[in-house]
Amino acid sequence: MISVNNLSVQFTGVNLFDDVTFNINDRDRIGLVGKNGAGKSTLLKILCRRQEPETGTVIIASGQTVGYLPQEMVPEGMGTILEEAMKAFDQIDNLERQQERLTAEVAERTDYESEEYTRLLARLHEVTEQIAMLGGSNRQEQAEKVLLGLGFRHADFPRLLAEFSGGWQMRVELAKLLLKHPDFLLLDEPTNHLDIESIQWLENYLSSYTGAVVLVSHDRTFLDNITKRTIEITAGKIYDYKVPYSEYVVQMQERRASQMASLTNQQRQVAQIEAFIERFRYKATKSKQVQSRIKMLERMEAITVDEVSTESIHFQFPPAPHSGKIVMEATHLGKAYGDNQVFDNVDFLVTKGAKLAFVGRNGEGKSTLAKIIVGELTDYTGMFRLGHQVQIGYYAQNQAAMLDGEKTVFQTIDDAAMGDIRPKIRNILGSFLFDSDDIEKKVKVLSGGEKARLALAKLLLTPSNLLVLDEPTNHLDMDSKDVLKNALLQYTGTLIVVSHDRDFLQGLTDSLFEFRDGAVHEFKGDIFEFLDYRRMEHLKELDQTKKKSSESTQQAVSQNKLNYQQSKERERELRKLRSNVERIEQDIAQLEGSIAEKESLLASADAAVTADDGFYADYQALKDRLEQRMTDWEEATVALELFLSND
């Protein structure tokens with residue numbers, strides 16, 4: 001358990017946290033939410049001891065580990081993808097070296113009856129158990145499984161990490177963190193560099209993770225699919241909801257509505273009391289009633305309403321100029337980077353008013369096709385052309401990074417504005433939350449979210465009838481994403497959006513281009529309809545593979561091995577294995593609950609507890625029992641998986 005007690009942090013004179021207290025339990029699934037700048041990332045840094053609070057304490061239970069993935073970092077690895085991932089097992093490597101040393105020492109000793117020899121054997125047994133618990137026997141298999149889940153291919157494993165972009169390098173850092181399997185996993189915007197397939201894999205992985213998970217994310221679907229608890233940070237306070245994000249939104253709105261109703265009711269009551277006091281203040285016959293009401297006012301506890309920021313960007317795209325019915329078309333379109341053929345033989349035709357999403361794994365060519373459409377890439381094969389009078393508005397994936405850092409916010413817009421729009425620059429910037437002080441700031445000092453808003457503001461300067469947006473929601477908070485989505489829903493031109501945010505895409509586009517294995521396929525429908533379709537296709541592929549395997553097996557194995565009695569025997573064995581796993585998991589849950597109660601008493605520093613020698617003996621016995629049951633669980637799970645894989 002992590003216990004946060006009376007935490008306070010200030011930033012530029014403003015309370016990020018003011019006397020905050022809460023606990024993170026061993027198997028929690030927590031989403032941290034709040035406006036940009038509310039302190040979510042700061043809280044994660046404090047939890048992993050990378051930053052110290054001004055007041056308060058963070059207590060982490062003895063022996064428990066914390067893993068942290070920041071939003072951005074610069075990986076320094078010089079090895080291959082697989083070598084870098086295998087560094088996650090440094091702890092096992094150290095334990096194996098200890099095991100070798102201890103084994104050699106045991107072999108040399110002859111004082112079998114001595115206490116020192118007994119201690120040596122006990123230490124060797126402990127190290128061996130730790131290696132088994134950490135999965136020392138199948139390290140490479142674990143590493144490859146996680147790397148594949150995060151989007152790498154087998155062919156990528158021997159390639160140097162330095163050959164990959166920053167986003168792919170961040171995936172390796174995430175893989176290393178998952179492979180270390182810390183007791184508490186702290187992830188700050190982990191989906192920023194992932195495509196939809198990798199996000200879905202990560203959702204499944206985290207849902208069955210045996211430790212606690214604390215997430216900061218602006219992806220509603222991701223939060224809903226993983227978290228069971230939501231901690232809101234607002235105005236220096238936290239509010240703890242035992243529900244996923246979507247249910248939190250409903251309860252939060254109900255809470256604030258209730259606060260407003262209570263405040264209104266109290267204000268009405270106060271006004272009535274004050275009116276009575278004022279009316280009868282000087283009447284001797286009413287003096288007792290007046291004094292009673294004065295005391296009533298003094299005793300009344302003022303109801304407060306949470307401070308809620310009402311600031312949000314607000315804008316709409318200019319009306320789309322007229323264009324021809326055909327906006328763009330391609331025949332046998334292909335693009336390669338050296339020997340890497342990204343896609344080939346692509347045919348499509350996009351008509352006026354279409355709303356398209358580009359989806360698929362990173363590296364399959366989504367951004368490449370977007371660059372061909374806007375004219376940034378011209379060295380392609382085949383034919384591509386835009387339709388009559390097509391005017392393009394383009395938001396590149398690295399649009400925020402392309403801004404001139406030495407210019408001010410105002411200069412950035414002023415240099416791009418032309419004609420009648422120039423007098424409206426300050427209004428436009430105000431719509432994107434840049435006040436009179438902000439507009440004089442240099443771009444280089446802006447946050448990622450502010451740069452993203454500034455880049456979006458530039459899109460409004462020139463009317464377009466074809467918007468091409470490549471990952472436009474990166475660095476935007478949920479409210480800003482909602483505003484952008486609503487503006488796009490009202491946009492009258494043709495839209496192409498590259499995004500991995502399923503909630504953002506839902507209802508925004510009416511068809512998709514799926515980029516897969518060098519080809520581009522059109523799918524008519526919504527993003528979730530597409531994901532259901534892909535899921536069914538995957539199941540069909542698995543079913544076909546299983547059928548082929550079954551047919552091959554039936555030809556090779558005699559019929560008597562597949563008789564009814566053996567099938568029944570397998571079912572009984574499977575039930576037995578599953579029952580064993582479930583029973584152990586129940587024991588683990590009970591033991592963890594008992595340990596959490598003990599640790600809570602320890603955290604309270606109760607003198608009666610610390611003076612009781614039996615308390616510590618019971619506490620250690622519980623931990624020893626939990627360690628044994630975790631080993632039992634590992635063995636039972638492996639036995640079940642082996643049985644299923646051989647079934």
Step by step: first the residues of the range 332-391, then only those that are touching a His at 6+ places or on another chain (Cβ under 9 Å) and in a strand (DSSP E or B), then the one that is surrounded by the fewest Cβ atoms within 10 Å (Cβ to Cβ). Which residue is that? M383
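Residues are listed down the side, and each one gets a yes or a no for (1) in a helix (DSSP H, G or I); (2) at pLDDT 65 or above; (3) closer than 30 Å to T21 by Cα:
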{"position": "F528", "(1), (2), (3)": "yes, yes, no"}
{"position": "S549", "(1), (2), (3)": "yes, no, no"}
{"position": "T553", "(1), (2), (3)": "yes, no, no"}
{"position": "E599", "(1), (2), (3)": "yes, yes, yes"}
Residues to consider are D19, D26; find the one that is open to solvent by 30 Å² or more (accessible area, probe 1.4 Å) and farther than 20 Å from A212 by Cα. D19
Any residue at all in the range 431-438 that's more than 28 Å from V350 (Cβ to Cβ), of a type outside the set (G, A, S), open to solvent by 10 Å² or more (accessible area, probe 1.4 Å) and touching a residue at least 60 places away in the same chain (Cβ under 8 Å)? yes
Scanning the range 79-99 residue by residue, those open to solvent by 50 Å² or more (accessible area, probe 1.4 Å) and modelled with pLDDT of 85 or more turn out to be E83, M86, K87
Quick test for you: out of A261, A320, A271, pick the one residue that is closer than 30 Å to K371 by Cα and either of a type outside the set (D, E) or at pLDDT 85 or above (or both). A320
Of the residues in the range 206-235, those that are outside any strand (DSSP E or B), closer than 20 Å to H475 by Cα and open to solvent by less than 10 Å² (accessible area, probe 1.4 Å) come to S217, D219, F222, L223
Could you look through the range 479-523, keep only residues that are open to solvent by 20 Å² or more (accessible area, probe 1.4 Å) and β-branched (V, I, T), and pick out the one that is nearest to F358 (Cα to Cα)? V520
Just the residues that are open to solvent by less than 30 Å² (accessible area, probe 1.4 Å) and part of a loop (DSSP other than H, G, I, E, B), please, taken from the range 439-462. L446, L460, L461
Members of the range 270-296 found to be open to solvent by 50 Å² or more (accessible area, probe 1.4 Å) and in contact (Cβ under 8 Å) with a residue 12 or more places away in the chain, listed by number: E274, Q289, R293, M296
Extreme residue, least open to solvent (accessible area, probe 1.4 Å), among residues of the range 38-75 that are among the charged types (D, E, K, R) and out of contact with any helix residue (DSSP H, G or I) (no Cβ under 9 Å at 6 or more places or on another chain): K40
Could you figure out which of (1) touching a residue at least 60 places away in the same chain (Cβ under 8 Å); (2) under 30 Å from Q200 (Cα atoms); (3) not hydroxyl-bearing (S, T, Y) isn't true of Q316? (2)
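To keep it simple, each residue is scored yes or no on (1) touching a helix residue (DSSP H, G or I) at 6+ places or on another chain (Cβ under 8 Å); (2) in contact (Cβ under 8 Å) with a residue 24 or more places away in the chain; (3) closer than 20 Å to A455 by Cα.
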position: F348; (1), (2), (3): no, yes, no
position: K352; (1), (2), (3): no, yes, no
position: L356; (1), (2), (3): no, yes, no
position: N362; (1), (2), (3): yes, yes, no
position: A370; (1), (2), (3): no, yes, yes
position: V374; (1), (2), (3): no, yes, yes
position: V390; (1), (2), (3): no, yes, no
If V243 meets every condition in (1) part of a helix (DSSP H, G or I); (2) modelled with pLDDT of 90 or more apart from one, which number is that one? (1)
Take the range 215-269 and flag every residue that is among the aliphatic types (A, V, I, L, M) and either more than 12 Å from R29 (Cα to Cα) or without any contact (Cβ under 8 Å) to a residue 60 or more places away in the chain (or both). I233, A235, I238, V243, V249, V250, M252, A257, M260, A261, L263
Among E440, E450, the single one that is in contact with a Ser or Thr (Cβ under 7 Å, 6 or more places away or on another chain), under 16 Å from K407 (Cα atoms) and not aliphatic (A, V, I, L, M) is E440
List every residue pair whose Cβ atoms lie under 7 Å apart, where the two residues are 6 or more positions apart in sequence or sit on different chains, the first residue falls within the range 190-208 and is within 11 Å of G149 (Cα to Cα), and the second residue, located anywhere, is in a helix (DSSP H, G or I) and open to solvent by 60 Å² or more (accessible area, probe 1.4 Å). E203/N225
Looking only at residues in the range 113-142 that are part of a helix (DSSP H, G or I) and touching a Phe, Trp or Tyr at 6+ places or on another chain (Cβ under 8 Å), which one is nearest to E189 (Cα to Cα)? R139
Do we find a residue being open to solvent by less than 60 Å² (accessible area, probe 1.4 Å) and within 22 Å of N340 (Cα to Cα) anywhere in the range 123-136? no
Can you confirm whether the range 179-194 contains a residue that is in a helix (DSSP H, G or I), among the aliphatic types (A, V, I, L, M), closer than 30 Å to E529 by Cα and open to solvent by less than 50 Å² (accessible area, probe 1.4 Å)? no
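The values are calculated or read from the model by the stated rules, or taken from the named source; none is laboratory data. All of these numbers come straight from a predicted model, not from anything done at the bench. In this analysis, Cβ positions are derived from the backbone assuming ideal geometry, glycine residues included, and neighbour counts consider all displayed protein chains. Please note that ligands, DNA and RNA were not included when accessible areas were found on the heavy atoms of the full protein model with its side chains. Shrake-Rupley method; radii C 1.70, N 1.55, O 1.52, S 1.80 Å.
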